[in-house]
Amino acid sequence: MSSNQYKERSNVMRIIFIVVSVIFIVRLAFLQIFDNTYRQLADQQALRIVTQYPARGLIYDRNGDLLVYNEAVYDLMVIPRMVKNLDTNLFCQAMGITTDEFLSKMEKARRYSPFTASVFMKQISKEEYGSWQNYLYRFHGFFVQQRTLRVYDKPIAAHVLGYVGEVNEKDIESDYYYRQGDYIGKSGLEKSYEKILRGIKGKNIMQVDVHNREIGPYLGGAHDTMAVEGDNLYTTIDATLQEYAEGLMANKRGCIVAIEPSTGEVLTLVSAPCYDPNLLVGRQRGENYMTLLQDIRKPLFNRALQAQYPPGSIFKVAQAMTALSLGVISPGQGFVCDKVIGCHGHPSARSVQEAIKMSCNPYFYYTYRRIIQQGKYKNIYKDSQYGLMVWHDYMQRFGFGTRLGIDLPDVKSGNIPDTAYYNRWYGREKWAFSTIYSNSIGQGEVEVVPLQMANLACIVANRGFFYTPHLVRYYGPDSTRNEEFYQKHETGIDPSYFEIAARGMYDVVHVGGGTAHKANIPDIDVCGKTGTAQNIGKDHSVFIAFAPKDNPKIAVAVYVENAGAGGSWAAPIASLVIEKYIRGEVTRKDFERMYRETNPCQPLPLTRVAKKKK
């Protein structure tokens, strides 16, 4: 073999050696510098990062009474890779679970990560933890992590306060603050004020020995961080009134909303049937939630904010104010009470005040016709489109057809139909007043949310303006408040017209021929308006009111589903709420007992489909 051949072989060997060396160097650099998998594994065998969950902010009512507080609980955490030589029988016996449950939970933890801690069992009480904490050192790979659980001092205001639940993938993706096993506000104030209530998480890095026992903080706690408690909420809710109102609606379906007109502060918000908010806390939350979800009465549904009902005759107040502002009727305008849309057998109304008192259907039929057909165009279809656009604008000034900016999630807007709505339904220039006249008495395509009904009562009480209804006065140590809630919303209608409405609503309760004598409270000037709204099944009972007539302290809307006329059920219930708030007690005990204990609602499922009033 020639020297050149030896030289070539030598070069090949050098190249192979260099390539292999480079591969080893690159791989070693990758493992030591870029890939921290092995370092993490080593750290996890010597160090334990324990999240310090902050105490969630407390929630108080308007008088400083505590509504929601925290109680210490524990999560049992597991790092699957570190679970070794486990006495499964002892573990399952101590934890009160079966072997199948143990295997299922371990498989879930491994799927999440073999090397990272995840929740094995959550929300363990102090008593449960105390019964087996002395065994914990024998369960390698397991440790406990403390957190707090919500506790509701009274079983009230579930739809207001909301509940807290475990985060899902969507929550984690939308906010990197959260990790699997964290909790987040799912509804109510807990959801709306989540970032204020949740605080800031901290962490402790602990050294552990080979027996899974903590031996002290890593580097003397140099890398530890303190958890920061969440801020407290100070709500507008009157807990005493809330509890009382829920008692009145305990065996009914419907809702009550009460607001302080001068501020927009919500005094009580009841959706019936109600439920105990403590049911959606702890390890039984999932089972309880499914029970509530499957209840035919829909207790999880917040009727006060999400139910879109026909308002019935309470809507006539807004119709009258709109017509007066437009000048299509005068305060002394009278209309003959005929059978055009169903007269109730009373004398013809000679003024707006009398029309409101008697809730005259024909009167508001003719009033609405003057709003819709103003004679701006010779073509009746174009004229009706113009009139509807004007009417729609006025209804939005009252807060109808829009989402009132209350500080709760998932609020509906109701429906105030516009020209586009009817053009889609009937076709362009194929509808006129004669097609849509049912809107005149709060039927037809009009739908409102009970919160909007209470807000209408506030507008009349204030003689033409309102503040955005809200449930939180301020929060945190600096008493921070949302300034948007203190901006006045004007309807742009002359206050003198609302004085007419107030007098008419006073007559509804106090004068012969009125429709709500059961709302009368001795020595309190209640102003109200009844409504009887047709829907599936028996009519809905509707009532709005405020009191006193001058310098009002409270405005109320009551809606009782399938209970009949507004004056028969909603009005007396509203009067009890008003008396309780203004006087602090109810003196009409027999009256109170009857409306608390009797259930007027048609049983579910409903069987009769009501026809629209003509």
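The values are calculated or read from the model by the stated rules, or taken from the named source; none is laboratory data. Source: prediction; values computed, not measured. Here the Cβ positions follow ideal geometry from the backbone for every residue, glycine too, while neighbour counts run over all protein chains shown.
Structural remarks
- Per-region count, region 354-385, residues over 18 Å from residue 504 (Cα atoms), part of a helix (DSSP H, G or I) and either among the polar types (S, T, N, Q) or outside the structural domain of residue 423 (by TED's automatic domain parsing) (or both): 2
- Selection status of residue 337, over 22 Å from residue 429 (Cα atoms), in contact with a His (Cβ under 7 Å, 6 or more places away or on another chain) and not basic (Lys, Arg): yes
- Close pairs from region 192-209: first within 14 Å of residue 232 (Cβ to Cβ), partner among the aromatic types (Phe, Trp, Tyr) and part of a strand (DSSP E or B), Cβ under 9 Å, at least 6 apart: 193/475; 196/475; 197/475; 198/183
- Each residue in region 36-62 was checked for being part of a strand (DSSP E or B) and either within 30 Å of residue 157 (Cβ to Cβ) or at pLDDT 80 or above (or both), and 4 of them qualify.
- Whenever a residue of region 334-349 is over 18 Å from residue 320 (Cα atoms) and at pLDDT below 80, its partners that are basic (Lys, Arg) and surrounded by 13 or more Cβ atoms within 10 Å (Cβ to Cβ), lying with C-beta atoms within less than 7 angstrom and at least six residues away or across chains, give the pairs 342/613.
- Some residue of region 215-223 being outside any loop (DSSP other than H, G, I, E, B), among the aromatic types (Phe, Trp, Tyr), within 30 Å of residue 140 (Cβ to Cβ) and under 21 Å from the mean Cα position of the chain (by Cα): no
- Cβ-Cβ under 7 Å pairs, at least 6 apart or on other chains, region 396-416 side assigned by TED's automatic domain parsing to the domain that holds residue 306, far side assigned to a strand (DSSP E or B) and among the acidic types (Asp, Glu): 414/447; 415/447
- If you go through region 144-193 and pick out every residue that is closer than 17 Å to residue 408 by Cα and among the hydroxyl-bearing types (Ser, Thr, Tyr), you end up with 4.
Okay, residues lined up against (1) surrounded by fewer than 21 Cβ atoms within 10 Å (Cβ to Cβ); (2) more than 29 Å from residue 66 (Cα to Cα); (3) modelled with pLDDT under 85:
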{"site": "213", "(1), (2), (3)": "yes, yes, yes"}
{"site": "243", "(1), (2), (3)": "yes, no, no"}
{"site": "246", "(1), (2), (3)": "no, no, no"}
{"site": "251", "(1), (2), (3)": "yes, no, no"}
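Here is a yes/no grid of residues against (1) modelled with pLDDT under 95; (2) under 31 Å from the mean Cα position of the chain (by Cα); (3) hydrophobic (A, V, I, L, M, F, W, C):
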residue: 360; (1), (2), (3): yes, no, yes
residue: 385; (1), (2), (3): no, no, no
residue: 394; (1), (2), (3): no, yes, no
residue: 412; (1), (2), (3): no, yes, no
residue: 418; (1), (2), (3): no, yes, no
residue: 421; (1), (2), (3): no, yes, no
residue: 427; (1), (2), (3): yes, no, no
residue: 452; (1), (2), (3): no, yes, no
residue: 455; (1), (2), (3): no, yes, no
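- Inside region 397-418, residues that are over 23 Å from residue 192 (Cβ atoms) and of a type in the set (S, T, N, Q) make up a count of 1.
- Count of residues meeting criterion [in contact with an Asp or Glu (Cβ under 8 Å, 6 or more places away or on another chain) and outside any loop (DSSP other than H, G, I, E, B)] in region 410-421: 2
- Yes/no for residue 201 being surrounded by 14 or more Cβ atoms within 10 Å (Cβ to Cβ), more than 18 Å from the chain's Cα centre (by Cα) and within 27 Å of residue 471 (Cβ to Cβ): yes
- Among the residues of region 153-204, those that are closer than 18 Å to residue 230 by Cβ, assigned to a helix (DSSP H, G or I) and of a type in the set (Asp, Glu) comprise 171, 190, 194.
- Test: residue in region 429-451 that is in a helix (DSSP H, G or I), without any contact (Cβ under 8 Å) to a residue 60 or more places away in the chain and either polar (S, T, N, Q) or touching a strand residue (DSSP E or B) at 6+ places or on another chain (Cβ under 7 Å) (or both): yes
- Residue in region 333-348 that is of a type in the set (S, T, N, Q) and more than 24 Å from residue 448 (Cβ to Cβ) present: yes
- Among the residues making up region 441-486, those that are exposed (fewer than 14 other Cβ atoms within 10 Å of the Cβ) and either out of contact with any Phe, Trp or Tyr (no Cβ under 7 Å at 6 or more places or on another chain) or hydrophobic (A, V, I, L, M, F, W, C) (or both) are 477, 478, 479, 483, 484.
- For region 491-507, the criterion of being over 22 Å from residue 441 (Cα atoms), without any contact (Cβ under 8 Å) to a residue 60 or more places away in the chain and surrounded by fewer than 19 Cβ atoms within 10 Å (Cβ to Cβ) is satisfied by at least one residue.
- Restricting attention to region 345-354, the residues being surrounded by 13 or more Cβ atoms within 10 Å (Cβ to Cβ) and either of a type outside the set (A, V, I, L, M) or more than 43 Å from the chain's Cα centre (by Cα) (or both) number 6.
- Against the test of being surrounded by 18 or more Cβ atoms within 10 Å (Cβ to Cβ) and in contact (Cβ under 8 Å) with a residue 40 or more places away in the chain, the options 76, 66, 90 yield a single qualifying residue, 76.
- When residues of region 269-308 are limited to those that are closer than 21 Å to residue 414 by Cα and in contact with a strand residue (DSSP E or B) (Cβ under 6 Å, 6 or more places away or on another chain), the one surrounded by the most Cβ atoms within 10 Å (Cβ to Cβ): 270
- Candidate set: region 245-284, residues that are hydroxyl-bearing (Ser, Thr, Tyr) and either free of Cβ contacts under 8 Å to residues at least 24 places away in the same chain or assigned to a strand (DSSP E or B) (or both); chosen: the one farthest from residue 598 (Cα to Cα): 268
- Evaluating residue 329 against the criteria (1) under 18 Å from residue 433 (Cβ atoms); (2) in a helix (DSSP H, G or I) leaves one unmet condition, (2).
- Considering only residues in region 519-531 that are β-branched (Val, Ile, Thr) and in contact with a Lys or Arg (Cβ under 9 Å, 6 or more places away or on another chain), the one that is surrounded by the most Cβ atoms within 10 Å (Cβ to Cβ) turns out to be 526.
- Residue within region 393-409 that is assigned to a loop (DSSP other than H, G, I, E, B) and more than 30 Å from residue 553 (Cα to Cα) present: no
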